[in-house]
Each structure stands twice: as structure tokens, then as C-alpha cells.
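*Asks:* Below: one structure in C-alpha cells.
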Amino acid sequence: MTRKHFGTDGVRGTVGESPMTPEFVLRLGYAAGKVLSGRSQNPAVLIGKDTRISGYMIESSLEAGFSAAGVDVHMCGPIPTPAVAYLTRALRLSAGVVISASHNPYPDNGIKFFSGDGFKLPDDSEAAIEAEMGEPMRCNQAAELGKVWRREDAGGRYIEFCKSTFPNELDLKGLKIVVDGAHGAAYNIVPHVFHELGAEVVAIGVDPDGLNINDGVGATKPGALQRAVAEHRADLGIALDGDGDRVAMVDAQGQAYDGDQLMFVIARHRVEGGAAKKVLKGVAGTLMTNLAFEKAMARLGVAFGRARVGDRYVLELMREKGWELGGENSGHVICLDKHTTGDGIVSALQVLQAMRESGRTLAELTADLVMYPQVLLNVAVPKGFDWKRHATIKSAQADAERPRAAAPLGHRARAARDGRGRAARGDRIGGAVDRRRRQERRWGQVLNSRISMRQFKT
């Protein structure tokens, strides 16, 4: 079935425009409620949100829709996306719902679902909800309406869960850590987790006003964290995004570390790390995972696979292969032995475990992971455009992949640092796509489509 409303991560858009309107959200809640009602007795859902001002409107519409369908609702207020996944499973509920647009600015918002096992809702369930939305909306009789509760203990439960993923014999005493909550869902969670584990915590990005989520702060804008680490002479900085499912870290020297580097630290420690040593069958990345990471996994004797971009597809690959670790360079890191979804706080704690048990800094733990320069271009293409089928594009791609004659060492070093050769080859591929797009402008609506460029040694 072709998706009409659901994207790769639920439903998302600009508030006040389709589909993020009160009417649509009401119908979505009712449709989801009817699907759940047909699959379980006494269905109940949990709703969490980030700090966007539109969250009030959207949760009210969802609540009304679920209640009309006879589904009980547990309201949590602002809590991170992974907290919803955890609490849905822990409370044995039918589903969890997150109101968030992740790292997007405040005018946007979105809705995504988790099933009762804490994993994202499967495709067949989303298809059933979309099909139900095509039916007339009704309302149960008064005696069969869903009830609503406020879960005042949601944040505290999740804090304890996060701490439980860090070894009991370890603590963070003696560390000064800056945490950045992105003025988002984790603003009242992340400082407590690290403080209760013993760290001296400096908190930034913890003053949401409904309009400032991700505004100059958070995992996608680590500059604020770097400045705060320097200002407070901290040992480490940890930044989350607006819904708390991705992480970036900064060391005492101000060096930022992305998802690939943090996954490397976790993977290496699990393979080589003394008491933490365990069998790591494989690691899942995406088409955008740095080639240096793939080669590092080969050196460790760990299988590696690439999924499409998106944590949904990373998780699908992990479950298919039976792997425990995967993620994206954007900072989504999934540790399936700890949680069912990407969790910024839990991921940071796995990195801190590696640091504490090895006695090494982030710089030392990543010293032999030399990242390759990457190029990412956004090229506008017609809807339905299959760029892989066109000879001119394939020719440009093949030319970019062709090994180059060895350059003098000094030249290679300079090129590796600034990626100029790679950028030129990426531009040639992008140019080929753009030329073909202009030839086919008669095709339908033009959309922005991200094309991931392969990575090559310069």
C-alpha cells in the first residue's frame, strides 16, 4: 500500500498546514484507536511530547480521538522519544505516541507511534491506520469512551531506566560535564541522570519557552556546547536534540564527535574492553556512514552493513541480522541490548562506560579512526525520478569512483584535510543529475531529494 500520510518517521509537517491541523490529528487519533481496539482488550496508549507550543493543541486533539474510539490515554507531558518507547513497554500498554518534529524548528511538529513492545509501529499497522482514516469518524457511546490519566512519575521512571544501563560499579565522580537539552523534551531529564551518577553538571538548553527548541543549541548545533565546555573548563560535553534520541559529544579541547565516532568507541570497547568484552556480531550503519568506520570494523573483525538513511531502516537491518549495535553519523545510536530505539542519554552512557573502564579520553579512544572527507549535495529532482537508471549519471558516478594516480604525499595530505578532490567529483555527479532533471522538467512536482554520495579515498 502506498503511504498517504505516514513518512519514514510518522506524520510530520508545519503546524496549521496539512497534515498538522487539529482536524487531521483528531481523525488520526480516532483511526489509531479503532485499529488498537480491534487488536486488544482494554486498549491504552501513552502520549509524550517535546516542548513546542503546538504540542498542547496536538495532544488535546489526539486525546479526544483516542477517547472517542474507546482507548484509555496516559498523558506524560514533555519527555524524550525513547522515554515513550520505554514506558509503553514497562507499563504494558498497547502503544506509545510521540508528538515531536525532532531536530526541526518550532513551527514544525509531528506524530509517531511505538507498538507495545517498544519498537516503532510496523508497516502493516500504519497501513491499517491509514485505511481506517478513509472511513467515517464516529464516537463511542458515553459509557465506552476512553479515560485519561496524567503520569506524574514518567520522568522519574525514565531517569532510573537510563541509570540502569550504566554499570553499578562505575560512577561519574570527578567529571565536570556540560549537558545541552536543546530546550527540548529532555530539558528536565538529562541534568538529573548525570548528576545522580556523580558528575558535576552544568546545564544549558534547559529553559524551553515553546518557541526556542533547537534554536542555536542541541546535537545539530554543537557550537553552543563547545563554547560552554570551554567557558566552564569542563571535561566533557553532551548534547541531545529536541526529542532526545540523538547525541553529540565534545571533549575538553572542544573537539566534537559525531555518531560514527561514538559508535566506534562503543563497538571497540565491546570487542576489546576487558570486563565489558563481548561478542559483537555486526554493526549497522547507513549509506552516509563514513568509510573510515567501515574499515575500522573490518580491522576489529566485526561485520558491517549499510541501510537506507533513517534510524527506522537501521533498526530493520539490525533485527534482520540479529545485531545489537547500529546508528547514523547524525547521532542516532541504537544499542539493542539496552533499549529498543535510539536514545541519546543511553548512548552517551555507553561511551562514558568505555572511557571510565579504559581510563582513556575520547581523543585517545578515536585516535586511530581517521575520518574521510565527505560530500553531500541536495539536488532537486522530479517526483518518481530514478536517478540510477540514467547513463549520464552512472557515467559521472563511475568516473568519481575510478582510482586516481598517486599524488605526492604532501598533496594527498592537503586533499585529505580539505576534501577538494572529493567535492569536485561530487559536483560532477550532482551536475549530471541536475542536467537530467532539466531535460525531464515536464515530469510532475519537483521535490527535494537527498542523494547520498559514495565515499572514496582522495
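*Asks:* For the range 36-43, check the following and say yes or no: at least one residue is out of contact with any helix residue (DSSP H, G or I) (no Cβ under 7 Å at 6 or more places or on another chain) and surrounded by 24 or more Cβ atoms within 10 Å (Cβ to Cβ). Spell out how you get there, then give the answer.
*Replies:* First, pick out the residues of the range 36-43 that are out of contact with any helix residue (DSSP H, G or I) (no Cβ under 7 Å at 6 or more places or on another chain): 36-42.
In the following step, the residues that additionally are surrounded by 24 or more Cβ atoms within 10 Å (Cβ to Cβ) were identified as 36.
For the range 36-43, residues out of contact with any helix residue (DSSP H, G or I) (no Cβ under 7 Å at 6 or more places or on another chain) and surrounded by 24 or more Cβ atoms within 10 Å (Cβ to Cβ): present.
*Asks:* Among the strands (runs of 3 or more DSSP E) contained in the range 104-218, which hold 1 or more residues that are in contact with a strand residue (DSSP E or B) (Cβ under 7 Å, 6 or more places away or on another chain) and closer than 26 Å to ASP251 by Cβ? Break it down into steps so the answer makes sense when it comes.
*Replies:* Numbers: elements: 108-115, 148-150, 176-180, 200-204.
Per the criteria, 176-180, 200-204.
*Asks:* When you go through (1) within 26 Å of ASP50 (Cα to Cα); (2) of a type in the set (A, V, I, L, M, F, W, C); (3) without any contact (Cβ under 8 Å) to a residue 40 or more places away in the chain one by one for MET263, which number turns out not to apply?
*Replies:* (3)
*Asks:* Additional query: What is the residue count in the range 78-100 for residues that are of a type in the set (Lys, Arg) and either under 20 Å from SER60 (Cα atoms) or not in a helix (DSSP H, G or I) (or both)?
*Replies:* Going residue by residue through the range 78-100, those that are of a type in the set (Lys, Arg) are 89, 92.
Those still in the list that are either under 20 Å from SER60 (Cα atoms) or not in a helix (DSSP H, G or I) (or both) too: 92.
Residues that pass the stated criteria total 1.
*Asks:* Test each condition in (1) in a loop (DSSP other than H, G, I, E, B); (2) under 16 Å from the mean Cα position of the chain (by Cα); (3) of a type outside the set (D, E, K, R) for MET318 and report the one that comes out false.
*Replies:* Here MET318 meets the rest and fails (1).
*Asks:* For residues that are assigned to a helix (DSSP H, G or I), over 17 Å from THR341 (Cα atoms) and among the aliphatic types (A, V, I, L, M), tally how many sit in the range 224-265.
*Replies:* Summing the residues that are assigned to a helix (DSSP H, G or I), over 17 Å from THR341 (Cα atoms) and among the aliphatic types (A, V, I, L, M) in the range 224-265 gives 6.
*Asks:* Another question, if that's okay. Considering each residue of the range 294-315, count those that are assigned to a helix (DSSP H, G or I), farther than 13 Å from ARG268 by Cα and basic (Lys, Arg), and give that number.
*Replies:* In the first step, residues of the range 294-315 are kept if they are assigned to a helix (DSSP H, G or I); the result is 294-300, 311-315.
From the residues that got through so far, the ones that are farther than 13 Å from ARG268 by Cα too are 311-315.
If we keep only those that are basic (Lys, Arg) too, we end up with 312.
The number of residues fulfilling the criteria is 1.
*Asks:* Tell me yes or no: at least one residue of the range 31-48 is closer than 27 Å to ARG319 by Cβ and free of Cβ contacts under 8 Å to residues at least 12 places away in the same chain.
*Replies:* yes
*Asks:* For the range 341-372: of the residues being buried (at least 21 other Cβ atoms within 10 Å of the Cβ) and over 17 Å from ARG268 (Cβ atoms), which is nearest to the chain's Cα centre (by Cα)?
*Replies:* GLY342
*Asks:* Can you tell me which residues in the range 250-276 are surrounded by 22 or more Cβ atoms within 10 Å (Cβ to Cβ) and closer than 16 Å to HIS103 by Cα?
*Replies:* We begin by selecting, within the range 250-276, every residue surrounded by 22 or more Cβ atoms within 10 Å (Cβ to Cβ); these are 250, 257, 259-270.
Answer for the range 250-276, where residues must be surrounded by 22 or more Cβ atoms within 10 Å (Cβ to Cβ) and closer than 16 Å to HIS103 by Cα: just GLY259.
*Asks:* With the condition kept exactly as written, say whether any residue in the range 343-351 is hydrophobic (A, V, I, L, M, F, W, C), modelled with pLDDT of 95 or more, farther than 23 Å from PHE161 by Cα and in a helix (DSSP H, G or I).
*Replies:* Of the range 343-351, the ones hydrophobic (A, V, I, L, M, F, W, C) are 345-346, 348-349, 351.
Then keep just the ones that are modelled with pLDDT of 95 or more; that gives 345-346, 348-349, 351.
Going one step further and asking which of them are farther than 23 Å from PHE161 by Cα, we end up with none.
Within the range 343-351, none of the residues are hydrophobic (A, V, I, L, M, F, W, C), modelled with pLDDT of 95 or more, farther than 23 Å from PHE161 by Cα and in a helix (DSSP H, G or I).
*Asks:* What are the residue pairs meeting all of these: first residue in the range 65-80, first residue more than 13 Å from ASN42 (Cα to Cα) and in the same structural domain as PRO22 (by TED's automatic domain parsing), second residue of a type in the set (Ser, Thr, Tyr) and buried (at least 24 other Cβ atoms within 10 Å of the Cβ), Cβ atoms under 8 Å, and 6 or more apart or on different chains?
*Replies:* GLY65/TYR30; ALA68/TYR30; PRO78/THR51; PRO78/TYR187; ILE79/TYR158; PRO80/TYR158
The values are calculated or read from the model by the stated rules, or taken from the named source; none is laboratory data. Computed from a prediction, not measured in an experiment: that's the story for all the values here. No Cβ is skipped: glycine too gets one built from the backbone with ideal geometry, and neighbour counts run over all protein chains shown.
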